[in-house]
Amino acid sequence: MTADPNDTHAIYERQATDYDKRRSKALFEARWLARFTASLKPGDRVLDLGCGTGDPIARWFKAEGFDVTGVDFSEAMLAIARTRWPDGDWRHGDMRDFELDQSFDGIIAWNSFFHLTADEQRDCIARMSHHLRPGGMLMLTVGPRAGEDSGTVGSERVYHASLSPAGYAVCLEENGLQLTGFLAEDPETQSHTILMARKI
């Protein structure tokens with residue numbers, strides 16, 4: 001039995017401190033982050049959707065000179081990010097219904113997007129496309145195949161879901177996005193499955 005998707009928010013509120021302590025800061029994601037930003041330049045605006053505590057993903061973008069906006073639905077996670085970077089642009093919001101008054105050159109949702117149900121993911125892709133400028137980049141961590149699963153946050157089980165690779169390709173195309181990369185269970189990123197796309 002998978003975890004309940006409705007429990008995800010409360011789990012992150014309870015586990016924020018423990019999650020931050022356990023979260024690898026070794027930047028095993030760096031190869032993909034560099035690929036994601038290959039067509040961007042310092043000063044470009046990047047939305048970190050599901051930014052958590054801001055470390056290590058937002059930290060990497062800030063160090064590389066990008067203008068980072070972090071959005072997360074957990075106030076406990078955001079409090080840690082704000083302590084680290086008091087002058088950062090950290091916003092409380094839910095990726096299922098966020099609406100920002102700006103567009104971005106890149107949007108990343110690393111270890112956050114897969115907490116949504118399949119239908120919520122389709123809606124979120126449309127919302128992310130709306131917030132991307134033409135030519136902007138999107139990168140998500142997803143599942144390697146369609147279905148529901150469970151992961152862990154701290155000591156608690158948490159909901160995961162995914163479309164199929166073909167399902168993502170169709171959804172992206174329907175929303176003006178072109179799939180540019182998909183690697184299932186990459187051994188160099190602790191078996192994460194990564195999807196990249198470009199706004200047409």
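Some values worked out for this structure:
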{"quantity": "For q = 0.16, 0.29, 0.31 Å⁻¹, Debye-computed log10 I/I(0) when each Cα of the stretch 118-162 counts as one equal scatterer", "calculated": "-0.57, -1.06, -1.11"}
{"quantity": "Contact order relative to length of the stretch 86-168, as percent, for alpha carbon pairs under 8 angstrom and 6 or more apart", "calculated": "31 percent"}
{"quantity": "Rounded to the nearest 20 debye, dipole of the chain from Cβ charges on Lys, Arg, Asp, Glu", "calculated": "620 debye"}
{"quantity": "Cα extents of the stretch 1-107 along the three principal axes, largest first (Å)", "calculated": "41, 33, 32"}
{"quantity": "Cα→Cβ-extended label distance, 7 Å offset, between Glu188 and Ala118, nm", "calculated": "3.2 nm"}
{"quantity": "Per-residue ³J(HN,Hα) for the stretch 78-86, Karplus 6.51 cos²θ - 1.76 cosθ + 1.60, θ = phi - 60°, Hz, x for Gly and Pro", "calculated": "4, 4, 5, 4, 5, 5, 6, 10, x"}
{"quantity": "Cα centroid separation, the stretch 143-200 to the stretch 15-50 (Å)", "calculated": "16 Å"}
{"quantity": "Separation in nanometres of the label points that stand 7 Å from Cα toward Cβ, at Arg145 and His92", "calculated": "4.1 nm"}
{"quantity": "The chain, relative contact order [Cα under 8 Å, separation at least 6], %", "calculated": "22 percent"}
{"quantity": "DSSP-defined beta bridges in the chain - what % are antiparallel, rounded to 5", "calculated": "55 percent"}
{"quantity": "Value at 222 nm in deg cm²/dmol, rounded to 500, when DSSP H runs of n ≥ 4 in the chain each add -39,500 (n - 2.57)", "calculated": "-9000 deg cm²/dmol"}
{"quantity": "Stokes-Einstein diffusion coefficient of the chain, Kirkwood radius over Cα pairs, 20 °C, 1.002 mPa s, in µm²/s", "calculated": "128 µm²/s"}
{"quantity": "Residue among Ala169, Ala109, Ala26 with the largest mean-square fluctuation in a Gaussian network model of the chain, springs linking Cα atoms under 10 Å", "calculated": "Ala26"}
{"quantity": "Selection from Gly136, Thr117, Gly151 lying farthest towards where the dipole of the stretch 106-158 points positive, charges on Cβ", "calculated": "Gly136"}
{"quantity": "Cut-off 18 Å (backbone N to label point 7 Å along Cα→Cβ of Met1), residues of the stretch 140-159", "calculated": "148-152, 156-159"}
{"quantity": "Translational diffusion of the stretch 90-200, µm² s⁻¹ [Kirkwood Rh, Cα pairs; Stokes-Einstein; 25 °C; 0.890 mPa s]", "calculated": "172 µm²/s"}
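Bear in mind these aren't lab numbers, they're just calculated from the coordinates by the rules spelled out. Only a predicted model underlies this, so the values are computations on that prediction, with no experimental measurement involved. Every residue, glycine among them, receives a Cβ derived from its backbone with ideal geometry; neighbour counts consider all protein chains shown.
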